[in-house]
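The values are calculated or read from the model by the stated rules, or taken from the named source; none is laboratory data. Since the model is a prediction, treat every value here as computed from it, not as a measurement. All Cβ positions, glycine included, derive from the backbone under ideal geometry; neighbour counts span all protein chains shown.
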Amino acid sequence: MKTNSEAAGDSRAVLDRAALAGIREAVRPVIEGRLAARRGAEPVRREVLVCHGGSCVSCHAVPVADVMERVIGERGLADRARVVRVGCMGLCDAGPLVLVVPDGVYYPRVNESLARRIVEEHLGAGTVLDEAELTWEGPGGEVLRSREVPFFARQLKIALRNCGVIDPGSLEEYVAADGYRALEKVLFEMEPGAVLDELKRSGLRGRGGAGFPAGLKWQFVRDARGDVRYVVCNADEGDPGAFMDRSILEGDPFSVIEAMTIAGRVIGSNQGYVYVRAEYPLAIERLGAALDRARQAGLLGCDILGSGFDFDVEIRIGAGAFVCGEETALMHSIEGKRGMPRPRPPFPAQKGLWNRPTLLNNVETWANVPPILLRGAEWYAAIGTARSKGTKVFALAGAVRNTGLVEVPMGISLREVVEELGGGIRSGLPFKAAQSGGPSGGCVPASAADVPVDYESLQELGAIMGSGGLIVMDEGTCMVELARFFMEFIVDESCGKCPPCRIGNRVMLNVLERITRGEGREEDLDLLERLGDHIRTSSLCGLGQTGPNPVLSTLRHFRQEYEVHVRERRCPAGQCRALLTYTIVEELCNGCHACTKACPAGAIAGELKHVHRIDQDVCIHCGACLNACPTGAIEAR
Amino acid sequence: MDRRMVTITVNGREVTAPAGGRLLDVLRGLGLDIPTLCHDDRLTPYGGCRLCVVERKDGRGGMVPACSTPVQRGMVVETRTPAVVAARQNNLQLLLLDHRMECPVCERSGDCRLQELVYLYGTPEERLPFERAERPRDESSPVIVRDPEKCILCGKCVRLCDEVQGVAEIGLVGRGLDAAVTTLLGRPLDCEFCGQCVNACPVGALIARPFATEVPAWLRERRTTVCSWCSCGCELEAELYEGRIVRVTARPGSEPNDGMLCVKGWLGWDVLESPERLTRPLVRREGRLVEASWEEALGAAAAGLARAMETGREAAVLATPRLLIEDALLLRRLMEGVQGTARTGIGPEAGLEALASGVAPVFGQPASTATLEDVDAADMVLVLRGDPGRTHPLVKNVLVRRTRQRGLPFALAAAFTAGLERHAAPFLHLRPGTETALLAFLGRALDLEGRLDRTVEGFGAWRESVERCTAEWAAGVTGVPEATLARLAEALSAARKVSLVLVTGRGIPGNEAAAARAAACLSVALGEGSGLLVLPEKSNLVGCLRTGLARDRAADVLEAALAGRVGWLYLVGQDPAGAWPRSMPGREALESAEFVVVQDAFLTETARAADVVLPAAILIEREGTGIGPEGTLRTYHRIVAPPAGVLQDGVIVRELARLAGVRLPGPEIVAAETAALAGARGGPVRLAALEVTVAEPPGEGFLLDPSPQVFHSGSTTTHSARLTGLSPGIAVRMAPADAEAAGLGNGDAVRLVTDGREVLLRARIDRRVRPGTLLVPWRNREDAASRLVGEDGVWISVQLRRS
């Protein structure tokens, strides 16, 4: 089988509109075939889509694809099957993930020997591999082998439309998947004002977290005084656990480039920057390759598609500071200065990069732009809730069965996300809460899980949409420890500029630490609230202003858990080690002395082959005995 | 910017305020005390300390920092709600947690902004769990001690050093509680030691060693005056205890310096207490100078004068342009009273020729036509001849600020620089002494653009004189690429208001008069709104010129003395034997004069050869009036009394007059005459043809840079232990690349050779020196630079030889 690039003809030429149309015609059926893949389809030729998102690559997806290619060659199957390396398919938990089309069969956790078997048996003999050994189960025991399962079926992919479908390195595949049609429309059919109008009517809001209406922002930058303007893509995805921006850059880099080019045309800018964190080497590599390819094809640079419009994009690599995701700190960093926020106003739309009007959107926002312009504001605005339109990508993590990336319509309930897409809680314990928005976000308790999720409803619950990190917790999670964990992150990442954030958050952490150590005081809860409120209202930037959110929201929804820590010196979830009481279950103890040897405090006594005892007055709650006991006789409560 | 007046509500009261203006300014204008720690009117808003928070009640987001919130129509602001007060208290409480509190023994106690605000607002009572990290003090600098345990990270020092001083010696590193102000890789401070950081620090995190005194703030008496080191005329505030200066600062908002000082204005005042000060008059007896009473000394001086008159010889005076106007007027009257034809002069001084023979014929008066404010506000500025950072630090700061904070560009055209070139756009690295050629080229180019006013008198002749000065020609003469020349011409052409700044100073190569005339002509031709600011070296050169004291040129006085015609030579603050360029036979003239009276603060080379030496008050020990380069009156207050036995120049002159039988006008008349000088206006403006001489291109070797240094220019500063301690010492400084190529390390002996002259110096590697240049700072007549340069104003190339 020819590659799609080959099918599209000379891939090194500068493209014009006719060439784009030609590519679409030649390659579109292939892409459509992938999208339409269903069980039971009768294959003439097959494609094996091997997920090459960051997670799958980290669990050896590359050698898996290599093996498949080699075996296809060895078995003479090259005319009937080929391997396509695509972006993130979303179900990271099951990586490396492989999808065979048009059959629509997923293979999870594929290793090299399984890769060989898939080629030989499925591609060669047409036999789908034995399902029993290769499945994983949903909450109802159903087999997740096809797109019909809720994890896939409940998703609506707009921002992630091409992720897991096309080869991110292939401009032709992107073009075939409607790529650059929106840019053509903006360059040749629409006035900039009409584009703005379309964006505004679509209701698209910034996906970086704050949810500012994108069309309005574009308008502000277009209207700002000045001769030079800049377009910036914020890809400094700092929320640990969120990775939709990385996945888009890895899986569909051209969509961001196209959207930025469109913005350049609309607001009157000729230069864009993508600010990516250095921790995303694969995203940087693929984005860099896509930029080179777009330049070569004449889709960046001078006189794009003969329109007379010039635009180019450069990559700027961050150095790993969470605060650089804040827009003013990000711009300082691009300028080569210390990444430290400054007060707004002036907003970047008025005075941004090098004091010029600057349009700054995050990766996911950019990825939404081309489909909106292509399919129209009405189509987009019909999705979602009254004030939050379209879809949102969530990075689903924590106690759920299916962890990974999901894109769902705004207004879906947390319960649906957790139970249907997430497949429910893995441990079987009850669903306790979900942390939305990472370290800047807050906890939504299970009791509020039926509220439709959008910007406003999350805010009312004391959480935020944020960038879409969603950590699901079961009853085994201690909310005080959770708050302490996130506060530690904030303290590490504060830039140090303003005292509420620099010193105040450290004091909050100190208070939380003493609570989890069992040294909490009655007044600590009020102190946390007073200080948290002060930090929230007085800090300079979003990092400080949202830093106390995890504490404040857990205090609000789980105050009793804090009180138990302080008053009873007990951790109900059993996570705070210092608060656990270790005892020896007499029936299980065989008197082996392992715990006695492990105990650094000398708190355990007992004769060999007789039941041992822990002296609670001497015990320092380190848990060493728990790990040392071969019979599980140590109980921690 | 939009500055319409709009109505806002403050604490329930409707007030009008400029839309887009800073809310903080409006609130403070209403008399409200809004606390700040990180704010400084001279800096771009920072929004760091969060103390200026006020509450917005118009539904646009609760607590906002007044320092960085622009005024908007309909804004409703409350400044003292419980929430506002609580926020301030909370912030102060947090700041105190991470601040080493040793107020009773802190240098800044009683003068500490944090202490003051905690006093005013109080902090919540509960104790917060927090452990302050230990951080060592940085004691590596001889001048500034940095104490990170007291630092509250307001960032003012960092921003002043960067935005205003243009040095950026310090910066913030680290995150969160690890954030700290530090130098590059923690090296010892290696900066201009202007002290802005210390003066701006709201707490005791930055301490100046020379001012580390045990005198608490409330016992110090504060007095302001005008600094008299250079011609910038900065206002400074001295703090005194028991009549001695214990600290020097400047207040933001002061004129003209807005709280800025340089190293001399900050630290240089130890000269006043130098053990080398003359405190008693000296009289020559049997060939030796011996101490005498004022009566004896003045009697001897008067007797010498009488003898000269009797023998029909001339009386002559050469005074320093640091002389105040009242004193200069009295001196002129004395000499006129003694002898109608007496010679009086104030040279040779940097800037004198530029004003007297350079611009006077064009402007009709020896003065500038642009002020520092004009320079600050001009669309484009062209700085010529030198780096003001070395000679006129305030002007450098004004240039840095306009470009760093407001994006207004300036161009620098000079052979030798000291860092300002980093901020200049464009920078023209001229061959020494080719400013006139550059200005001639610009005149032609701008006229071809139609940018010049052709109706000015004398335009035709001037225009003709620059006709041959094409870009190609100018590039050949100046060594500046044609493209850079074109860029400068384009920038000037596009600017409506252009300020030219002409820097003067000893050791700056090239004919300052010719350059000044060329600059004056161009500034006139650029039309309304454009002008020229000439920066003389000494503080009151313009004032002295206006008193008429500068009737004779120093060279003519010398000539008369050498010819044996001068019977009584009165040298007031002038040191021909020690400080004049070697091209002027000052020492020989002294020997030829019959009787020499020297009035100075130190026993200079000249004083050693005098018949009578009279100890005089200097700098801020004096009371009187001066005139700055732009023509404004300055009042000098006596901040400290001169040492016992030392008198101010005018007092000495009056005593001499009394003995010589010359009647001098009373103080009221002198005051009236002084006041009349301020408004002096010049004659009609006319352009003159330029004489563009083309200097010989440099020979092989390095360019010798003998320009003055900011720490130290060679005469009075020699007696400041603080300044000489900071100045790099007698050495040849060179770029790292040049040193490497020559195989030289720090401290290696090296021989500089030129045209038969040769000096031996130690090499010092200095990253600030441009490759191809050797920096040998001018200090005095006998020093290395002086011996190498030979004749003043002629730039030379030297060979470098390992010794």
*For region A:419-431, state whether one or more residues are outside the structural domain of A:Arg205 (by TED's automatic domain parsing), closer than 18 Å to A:Gly469 by Cβ and modelled with pLDDT of 95 or more.*
yes
*Selection within region B:26-43 - buried (at least 18 other Cβ atoms within 10 Å of the Cβ) and either out of contact with any strand residue (DSSP E or B) (no Cβ under 8 Å at 6 or more places or on another chain) or facing chain A (nearest Cβ under 9 Å) (or both)*: B:Pro35, B:Thr36, B:Leu37, B:Cys38, B:His39, B:Asp40, B:Arg42, B:Leu43
_Among (1) more than 26 Å from the chain's Cα centre (by Cα); (2) not assigned by TED's automatic domain parsing to the domain that holds B:Ala489, the one test that B:Ala319 misses_ = (1)
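Rundown of residues vs (1) more than 14 Å from chain A (Cβ to nearest Cβ); (2) within 30 Å of A:Met487 (Cβ to Cβ); (3) modelled with pLDDT under 95; (4) in contact with a Lys or Arg (Cβ under 8 Å, 6 or more places away or on another chain), yes/no style:
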{"site": "B:Glu102", "(1), (2), (3), (4)": "yes, no, yes, no"}
{"site": "B:Glu116", "(1), (2), (3), (4)": "yes, no, no, no"}
{"site": "B:Ile152", "(1), (2), (3), (4)": "no, yes, no, no"}
{"site": "B:Ile170", "(1), (2), (3), (4)": "no, no, no, no"}
{"site": "B:Phe211", "(1), (2), (3), (4)": "yes, no, yes, yes"}
{"site": "B:Pro216", "(1), (2), (3), (4)": "yes, no, yes, no"}
*When you go through (1) more than 14 Å from every other protein chain (Cβ to nearest Cβ); (2) within 22 Å of B:Pro388 (Cα to Cα); (3) of a type outside the set (D, E, K, R); (4) in a loop (DSSP other than H, G, I, E, B) one by one for B:Leu236, which number turns out not to apply?*
(4)
*Please find, among A:Asp223, A:Asp197, A:Asp167, A:Asp227, the residue that is out of contact with any Leu (no Cβ under 8 Å at 6 or more places or on another chain) and closer than 28 Å to A:Tyr107 by Cβ.*
A:Asp167
_All positions within region A:240-268 that are touching a strand residue (DSSP E or B) at 6+ places or on another chain (Cβ under 9 Å), buried (at least 24 other Cβ atoms within 10 Å of the Cβ) and not in a helix (DSSP H, G or I)_ = A:Ala242, A:Phe243
*Take region B:237-258 and flag every residue that is farther than 15 Å from B:Val215 by Cβ, touching a strand residue (DSSP E or B) at 6+ places or on another chain (Cβ under 8 Å) and touching a residue at least 60 places away in the same chain (Cβ under 8 Å).*
B:Pro256, B:Asn257
*Please find, within region A:153-178, the residue that is surrounded by the most Cβ atoms within 10 Å (Cβ to Cβ) out of those that are under 16 Å from the mean Cα position of the chain (by Cα) and among the charged types (D, E, K, R).*
A:Arg161
_B:Gln93 vs. criteria closer than 28 Å to B:Leu27 by Cβ and within 12 Å of chain A (Cβ to nearest Cβ)_ = yes
*Residues in region B:267-281: is at least one farther than 21 Å from B:His719 by Cβ and touching a residue at least 60 places away in the same chain (Cβ under 8 Å)?*
no
_Looking only at residues that are aliphatic (A, V, I, L, M) and either crowded, with 19+ Cβ neighbours inside 10 Å or without any contact (Cβ under 8 Å) to a residue 60 or more places away in the chain (or both) in region B:69-87, which one is farthest from the other protein chains (Cβ to nearest Cβ)?_
B:Val77
_Looking only at residues that are crowded, with 23+ Cβ neighbours inside 10 Å and assigned to a loop (DSSP other than H, G, I, E, B) in region A:521-554, which one is farthest from the other protein chains (Cβ to nearest Cβ)?_
A:Pro548
*What are the residues in region A:413-428 that are crowded, with 23+ Cβ neighbours inside 10 Å and in a loop (DSSP other than H, G, I, E, B), if any?*
A:Gly422, A:Gly423
_Answer from B:Arg108, B:Arg159 - the residue that is more than 14 Å from every other protein chain (Cβ to nearest Cβ) and within 29 Å of the chain's Cα centre (by Cα)_ = B:Arg108
*In region A:354-375, which residue that is touching an Asp or Glu at 6+ places or on another chain (Cβ under 9 Å) and within 14 Å of chain B (Cβ to nearest Cβ) is farthest from B:Gly176 (Cα to Cα)?*
A:Arg356
_Identity of the residue in region B:217-233, in contact with a Phe, Trp or Tyr (Cβ under 8 Å, 6 or more places away or on another chain) and surrounded by 19 or more Cβ atoms within 10 Å (Cβ to Cβ), that ends up nearest to B:Arg390 (Cα to Cα)_ = B:Ser228
*Among the residues of region A:556-569 satisfying the criterion of being more than 26 Å from the chain's Cα centre (by Cα) and either within 14 Å of chain B (Cβ to nearest Cβ) or in contact (Cβ under 8 Å) with a residue 40 or more places away in the chain (or both), which is surrounded by the most Cβ atoms within 10 Å (Cβ to Cβ)?*
A:His565
*List, please: which pairs have Cβ atoms under 8 Å, are six or more places apart or on different chains, and start with a residue in region A:213-226 that is without any contact (Cβ under 8 Å) to a residue 24 or more places away in the chain and end with one that is among the aliphatic types (A, V, I, L, M) and buried (at least 17 other Cβ atoms within 10 Å of the Cβ)?*
A:Pro213/A:Leu204; A:Gly215/A:Leu196; A:Gly215/A:Leu199; A:Gly215/A:Leu204; A:Gln219/A:Leu196
*Quick one: A:Cys501 ticks every box in (1) outside any loop (DSSP other than H, G, I, E, B); (2) within 14 Å of chain B (Cβ to nearest Cβ); (3) touching a Pro at 6+ places or on another chain (Cβ under 9 Å); (4) of a type in the set (A, V, I, L, M, F, W, C) except a single one, so which number is it?*
(3)
*Scan region A:485-498 residue by residue and report those that are at the interface with chain B (Cβ under 7 Å from one of its Cβ atoms) and either crowded, with 24+ Cβ neighbours inside 10 Å or not in a helix (DSSP H, G or I) (or both).*
A:Ser494, A:Cys495, A:Gly496, A:Lys497, A:Cys498
_Candidate set from region A:317-352 (those that are among the charged types (D, E, K, R) and in contact with a Ser or Thr (Cβ under 7 Å, 6 or more places away or on another chain)); member that is nearest to the other protein chains (Cβ to nearest Cβ)_ = A:Arg342
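Results for (1) assigned by TED's automatic domain parsing to the domain that holds B:Leu37; (2) over 16 Å from A:Gly496 (Cα atoms); (3) hydrophobic (A, V, I, L, M, F, W, C), shown as yes or no for each residue.
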residue	(1), (2), (3)
B:Pro136	no, yes, no
B:Arg146	no, yes, no
B:Arg159	no, no, no
B:Leu206	no, yes, yes
B:Glu214	no, yes, no
B:Thr225	no, yes, no
B:Trp229	no, yes, yes
*If you scan region B:44-68, which residues turn out to be β-branched (Val, Ile, Thr), closer than 13 Å to B:Ala87 by Cα and more than 7 Å from chain A (Cβ to nearest Cβ)?*
B:Val54, B:Val64
*Can you name the helices (runs of 4 or more DSSP H) wholly within region B:409-505 that have at least 1 residues being touching a Cys at 6+ places or on another chain (Cβ under 9 Å)?*
B:435-448, B:459-465, B:471-478
